[in-house]
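The values are calculated or read from the model by the stated rules, or taken from the named source; none is laboratory data. In this text, all values refer to a predicted model and were calculated from it rather than measured experimentally. Reconstructed Cβ throughout: ideal geometry from the backbone, glycine too, with neighbour counts over all protein chains shown.
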Amino acid sequence: MTQSGAVRRRLDLPASALMVLFCLGFGCQQVAMKAVAADMSPLAQVAIRSSLAALLVMMLAHRQGIRWRDMRAHVGPGVLVGLGFVAEFLFVAWGLDYTLASHMSVFLYTAPVFAALALHLLVPGEQLTRRQFVGVALAFGGMLIAMAPDTDIDNAGDILLGDCLGLLAGLSWAATTLVIRRPSLSDAPPVQTLCYQLTVAGLLLLPASALLGDLGRVQFTGVAVASLAFQTLVISFTALLLWFALLRRYFASQLGIFSFLSPVFGVLFGAIVLGEPLTTGFLVGGALLLIGLLVVTR
């Protein structure tokens, strides 16, 4: 039983199937963003999709009977969750200007390792075992190998910068996970937690995108609209609601086992859809990183 009193249970077959679908969607999102970057900057995409999804979540929250007084009860940690989400996707959007979508998919999903280390230090009962520390070492070594510049690739320095921004995005996501683990938000309905996240993101990212001139350069081509619809309805609305709902019902450590699927899907779709190169160093390092993730979260 958690500190909040909510009872979690072990993963069953329906939850496992839902997590595979969740990881498939999140593995596609960086590719979807990169594919239309010429028509709509990644920052503008995140700003618009967060704002649209926030309106959908607000309507759903009202339909479920969640009122303003309920929102005020958790506004402190709710704002922190929103700020973590903003930081995560600022780094993702910025990093995609430099690195490949496949690289961003891998480095973003270092978040479970960062979260596991933080929980080990901060939360009683969440200490890592010796085996899990081996997983952390594998993930760290794989990260270094994957990030090693390859002189055979054009703009290797830019790609390294983008990879570093992907790591910062992973750190931001891990920080958000720690806030969600607080008892106050653990008891809140999933739609309420997502409402904080998306509302703060929309309020901050839309003005930032406008000030940087990204909104003024948006071109609503057919492909851009399709990508934005996918990101809004599938990623920011459906997938995130599913994630928060699963976090309330199942052990986070067991849900984390599936997290390694998202970068795998991201790498595959990046190569198939965008034709991104896959170097030997990145493949070896990425494989070690994913093995480390699996060992830590298993």
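Identify all residues within segment 38-53 that are outside any helix (DSSP H, G or I) and either aromatic (Phe, Trp, Tyr) or surrounded by 18 or more Cβ atoms within 10 Å (Cβ to Cβ) (or both); write none if there are none.
Once the filter is applied, which keeps residues that are outside any helix (DSSP H, G or I) and either aromatic (Phe, Trp, Tyr) or surrounded by 18 or more Cβ atoms within 10 Å (Cβ to Cβ) (or both), segment 38-53 yields ASP39, MET40, SER41.
Quick one: count up the residues across segment 54-76 that are in contact with a Leu (Cβ under 7 Å, 6 or more places away or on another chain) and either β-branched (Val, Ile, Thr) or in a helix (DSSP H, G or I) (or both). Result for segment 54-76: 2. Of the residues screened, ALA73 is one that is more than 23 Å from VAL225 (Cα to Cα), surrounded by fewer than 18 Cβ atoms within 10 Å (Cβ to Cβ) and not β-branched (Val, Ile, Thr). A single entry from ASP12, ASP39 fulfils the requirement of being without any contact (Cβ under 8 Å) to a residue 12 or more places away in the chain and either of a type in the set (Ser, Thr, Tyr) or over 26 Å from ALA174 (Cβ atoms) (or both): ASP12. Restricting segment 77-124 to residues that are hydroxyl-bearing (Ser, Thr, Tyr) and in a helix (DSSP H, G or I), the residue that is farthest from the chain's Cα centre (by Cα) is SER102. A single entry from GLN231, GLN254 fulfils the requirement of being polar (S, T, N, Q), at pLDDT below 90 and buried (at least 16 other Cβ atoms within 10 Å of the Cβ): GLN254. In segment 241-251, the condition of being modelled with pLDDT under 90, out of contact with any Phe, Trp or Tyr (no Cβ under 7 Å at 6 or more places or on another chain) and either among the polar types (S, T, N, Q) or in a loop (DSSP other than H, G, I, E, B) (or both) is met by at least one residue. Does LEU90 satisfy the criteria of being in contact (Cβ under 8 Å) with a residue 24 or more places away in the chain and within 20 Å of PRO207 (Cβ to Cβ)? Against the criterion (in contact (Cβ under 8 Å) with a residue 24 or more places away in the chain and within 20 Å of PRO207 (Cβ to Cβ)), LEU90 qualifies. Residues in segment 261-298 that are closer than 26 Å to ALA118 by Cβ and not in a helix (DSSP H, G or I): ARG298 only.
Identify, please: which residue in segment 178-193 is of a type in the set (S, T, N, Q) and at pLDDT below 80 and is, among those, surrounded by the fewest Cβ atoms within 10 Å (Cβ to Cβ)? Walk me through it before giving the result.
Just the residues of segment 178-193 that are of a type in the set (S, T, N, Q), to begin with: 184, 186, 192-193.
Subsequent filtering for residues that are at pLDDT below 80 retains 184, 186.
Working: SER184: 13, SER186: 18.
Out of the qualifying residues, it is SER184.
Annotation note: Cβ proximity below 8 Å between a residue of segment 126-144 that is β-branched (Val, Ile, Thr) and a residue that is surrounded by 14 or more Cβ atoms within 10 Å (Cβ to Cβ) and in a loop (DSSP other than H, G, I, E, B) (sequence gap 6+ or interchain) occurs for VAL136/LEU128. Looking at VAL81, VAL106, VAL57, which is the one that is within 11 Å of TRP173 (Cα to Cα) and crowded, with 19+ Cβ neighbours inside 10 Å? Every option except VAL81 fails the conditions.
Between VAL200, VAL113, which is at pLDDT 90 or above and buried (at least 20 other Cβ atoms within 10 Å of the Cβ)?
Details: VAL113 fails: at pLDDT 90 or above.
So the residue among VAL200, VAL113 that is at pLDDT 90 or above and buried (at least 20 other Cβ atoms within 10 Å of the Cβ) is VAL200.
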